[in-house]
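I have placed the structure first, in the form of structure tokens, so that the comments after it can refer back to it.
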Amino acid sequence: MDQMVRLLGLTRPPPEPASAPPLAAAQHRELADAMRCLPGGFQDRLPASTLRRVADSAALGRWEKAIGELIMGLYMRDAPVSATERGELRDALQALGVPAHRLDRLRSR
């Protein structure tokens, strides 16, 4: 029924997800470097298996998956995150065009 109503133009289509504009080569390298280094700052709070998954995803260029796994790992372990770390995570999410609201649930240090 919803699809029929949408086809008839009686409702607006759902909004498109936000996406970041394409990155320039220098921005791409900078983001890749940041994503490779980011998990190391959490090695005292996350198990090696989680850090390995994050690093593997980042190495393959699956940055959204990498940062998603990192944030989920921190959340599931109720690991504290400093304001600086939260800012780094927020910057990476924004560079990827991913909403940063998931950071709100992380415990502050």
Problem - Some residue of the range 84-102 being open to solvent by less than 30 Å² (accessible area, probe 1.4 Å) and at positive phi - result: yes
Exercise for the section: Would you mind stating whether residue 54 is touching an Asp or Glu at 6+ places or on another chain (Cβ under 6 Å) and at pLDDT 80 or above? Expected result: yes
Practice task
Quickly run through the range 66-80 and pick out the residues that are farther than 17 Å from residue 54 by Cα and either among the hydrophobic types (A, V, I, L, M, F, W, C) or open to solvent by 70 Å² or more (accessible area, probe 1.4 Å) (or both).
Solution key: 78
Exercise for the section: Need at least 2 residues that are basic (Lys, Arg) per element, so show me which helices (runs of 4 or more DSSP H) inside the range 47-109 make the cut, counting only ones lying wholly within it. Expected result: 48-59, 83-96
Exercise for the section: Considering (1) out of contact with any Leu (no Cβ under 7 Å at 6 or more places or on another chain); (2) modelled with pLDDT under 90, say which one residue 95 fails and leave the rest. Expected result: (1)
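The values are calculated or read from the model by the stated rules, or taken from the named source; none is laboratory data. Note that the structure is a prediction, hence the values are computed from the model and not measured. Please note: Cβ atoms are built from the backbone with ideal geometry, for glycine as well, and neighbour counts cover all protein chains shown. What goes into the accessible areas is simple: the full protein's heavy atoms, side chains included, and nothing from ligands, DNA or RNA. Shrake-Rupley method; radii C 1.70, N 1.55, O 1.52, S 1.80 Å.
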